[in-house]
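One structure is given below, encoded as structure tokens.
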Amino acid sequence: MTIKQQNVQSDINLSEKQPKSINDRQSMMLKMVTSYSIFLFIILVLFSYLYFSDAKNARSQYQWQVKATFMSNAKLFEKDLDIMDAYCRQLLQNNAFRKLAKITEDNPMFFDLGNSVATTMATDVYPEALLPMSDVYCYLPHSEYILSPNCFIHKTRYYNWIKDYPADMYEQYSEILTNPSYYNRFIPMDELMPTSGKRYYMYLIDMNALYYLDIDAVACFILAEDELSSLFECMDADTPYRYLSISASQHNSILSLSTPESTNFDSLTAAGSLDSMADFLNSVEMSMDIYTSTDTGYAYLYTYPSFASAANNAPPQILYAGLFMATLIGGLIIIFWLSKRNIRPILELDQQLQVTELEKSHLQEVMDSQRPIIFNSYVRQFLKGMIVSQEEASYAKKFLGLADESLVFNGLYVVAYNSADQHAASNEPRTPEECNTIILDALRQFTDETLYYFSPSDRVYAIIVVGKAGDEKDLIIKTNEMVVKMHHYLLDTYGIWLFAGIGKTTGDILNVWESYQQAMEAVNYTSKNYFFFPYEFIQKDSSAFYYPTELSTKLIHFISTGNTSQVMELFNLIHQENIEERSLPINMVQFLLSDIRNTLLKARFALPQGTPKEVIQNLDECFAEHVSFKLCEDIALKLCTLFTKKSDDADLISLIEKYILDNYADPSMGLNKISDEFQISESYFSHLFKEKKGVNFSTYLESIRLNEASRLIRETDISLNELYLSVGYNNANSFRRAFKKIYGMTPSAMRDTKSPFSGDLAGGQKD
């Protein structure tokens, strides 16, 4: 019982006792106020939660916006890096440059070639289109010359004359140019350019690594730090990213932009925890995050203004505080007012609550009583083949606890009889209800949770046996043992004989009806010596065909619901049972086909009103043809399409057309390949394609191939020996015959005349 319920009960007791003293009334009032105060407390807690939730959401939104902005900047940065690569690749395509990189100044052509390439770099390549840079040049290790758009000069003279770098840093400069460990990194040039007033970085690219052409050259890009930093704009333009480090791997940093300079990002990264990094930066009111590019794999370690220091991010605290106080004071006033007014109505409310609880309890009892009915209904529908859609099957399997994809199913058919043995344990007459109760109790006693059963009629029980895939044999043995034990128990205790047949295993519960049909047939082979009989042990009788009434009923049901897949499954079952396993003589086959035809006639006369007369006439012509198993199957599929015309037939044909256009050169292209690819029957596809396109599939495929052959003859120089293979023919003679039939000339004759004929061959007709 809740606190409120306890207080209400206390109020009821006090009302019944009719307190007379003022103290008693005050006590009741106090309890009422306390009860309402709980609600006020909950409201205030919720209010506080909303406030902190709002603050949390604002923080999350701010962090998301910062990261989204940085990701965009990082992509632009990587795009500019790609442009630098493109600059190098463009230069590598210059034959003069590649030759220059391999010769020295001893070669008479050296200086002329160098000056020519320098001129080309200044006119044909546009450095301003790259990452904002101060300078760009190439170092040629083979000759130790510097090549730039402005000059072609030896490295030493370039260092001393052109750049006027410090003399004591020359060795370090040479080390940077020649050591691959410095490549693809942004190298600070503070010591080389101490008086420039700005910070610069050098970025080097090993040009040989781009194409592996054995071109010994290094591209050097000089970039200013402020221009490089401007690429990474923070969401708040007034407060940019104060710290930025970019790494290609855990130990390979390519760029470090930081203020102050004393910040060591390697040590921060080695800390191994973003939390510790954030704590480190709390003193400067900055937050830190890491972004890893999905395109390059670069890791970006960056800091940004913390949420607390960012402007206009915090919720309006004064407004929330005012609302909180107003809610508190107003709530207290309302509590005292309601408490004084609602002492008596609470008693009525309590009575109503009691009635509601009783109604709720009754409703739950009704739902619990209906659950076995729903359970048995689903089992019945599966065993009878009444569930045809995957959506409905998925829901029913979940309700039955059969959602595991690795399950297999068997249909089990159980029949019970009273014993005629005078020595049976019990010969007292029983009502059908008593017998049914006894047998159901036995099923519950001897079966486990993997067996789902219902009673379709008196003393006949249909069961779905469920097991794991791969344990089919063990499942049948286990089921046999269960039936034998239950048989002996019922016989010894109640004088009831029990017999059972089991069908073949199926991995699709939608096909469990087929196994159930087999179980019904198998039970006919049981005896007092064989209580349990699997369908697979039946010796098929070739003197009688297999087409029970249940199959006829199912066939009509599947056709009327437009369930093409189940219709095909049923025809496969009929064919397997009669043609493959029984090997029926021709006269019995004719009797079987006659019965199937009669079933299809029943479905034909049940066609919905409004079916076009020409369609019905075409269907009746099919019935007038010589009956065959294939004809019956085709008629059944046509009836399916007439009962429920699928709206996606046109989309299916469009997909098939695209598949044909993409794969017409495959010599194995045919009806069987199409049917396997799109999981439809050959007969259904052939009928549907002719209906939608107005031409047979073979004719359509031939037109596609020959149109392409004509185009290749007219527009290319492909040899005639290769031509027929390229359009999907295995035999040159067959290709020539088909080509001449359509175009009136051989491929060689068209090649000689370069005929402009390009008519559409859809339908196999010439223009």
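The values are calculated or read from the model by the stated rules, or taken from the named source; none is laboratory data. Please read these numbers as outputs of a predicted model, since none were measured by experiment. When we count neighbours, we look across all protein chains shown, and the Cβ atoms used for this are built from the backbone with ideal geometry, even at glycine.
Note on region 27-74: among residues that are touching a residue at least 12 places away in the same chain (Cβ under 8 Å) and small (Gly, Ala, Ser), the one that is farthest from Ser306 (Cα to Cα) is Ser27.
Of the candidates Tyr525, Tyr494, Tyr530, the single residue that is over 15 Å from Val465 (Cβ atoms), in contact with a Phe, Trp or Tyr (Cβ under 7 Å, 6 or more places away or on another chain) and assigned by TED's automatic domain parsing to the domain that holds Tyr453 is Tyr525.
Each residue in region 433-484 was checked for being touching a residue at least 12 places away in the same chain (Cβ under 8 Å), assigned to a strand (DSSP E or B), over 14 Å from Val512 (Cβ atoms) and not aromatic (Phe, Trp, Tyr), and 4 pass. The residues in region 601-625 that are touching a residue at least 40 places away in the same chain (Cβ under 8 Å) and either more than 15 Å from Ser560 (Cα to Cα) or part of a helix (DSSP H, G or I) (or both) can be counted, and the count is 2. Taken residue by residue, region 518-534 has at least one member that is in a helix (DSSP H, G or I), under 15 Å from Val414 (Cα atoms), modelled with pLDDT of 80 or more and in contact with a Leu (Cβ under 8 Å, 6 or more places away or on another chain). Of the candidates Leu332, Leu268, Leu338, Leu274, the single residue that is of a type in the set (A, V, I, L, M), farther than 30 Å from Glu225 by Cα and at pLDDT below 70 is Leu338. Out of everything in region 108-135 that is at pLDDT below 90 and not in a helix (DSSP H, G or I), what residue ends up being nearest to Val218 (Cα to Cα)? In this case the residue turns out to be Asp135.
Could you tell me which residue of region 82-96 is surrounded by the fewest Cβ atoms within 10 Å (Cβ to Cβ), considering only residues that are free of Cβ contacts under 8 Å to residues at least 60 places away in the same chain and assigned to a helix (DSSP H, G or I)? Going through the qualifying residues, I end up with Asn95. Under the condition of being under 19 Å from Asn733 (Cβ atoms) and surrounded by fewer than 20 Cβ atoms within 10 Å (Cβ to Cβ), the residues counted in region 697-707 number 2. In region 706-714 there is at least one residue that is of a type outside the set (Val, Ile, Thr), touching a residue at least 40 places away in the same chain (Cβ under 8 Å) and in contact with a helix residue (DSSP H, G or I) (Cβ under 6 Å, 6 or more places away or on another chain).
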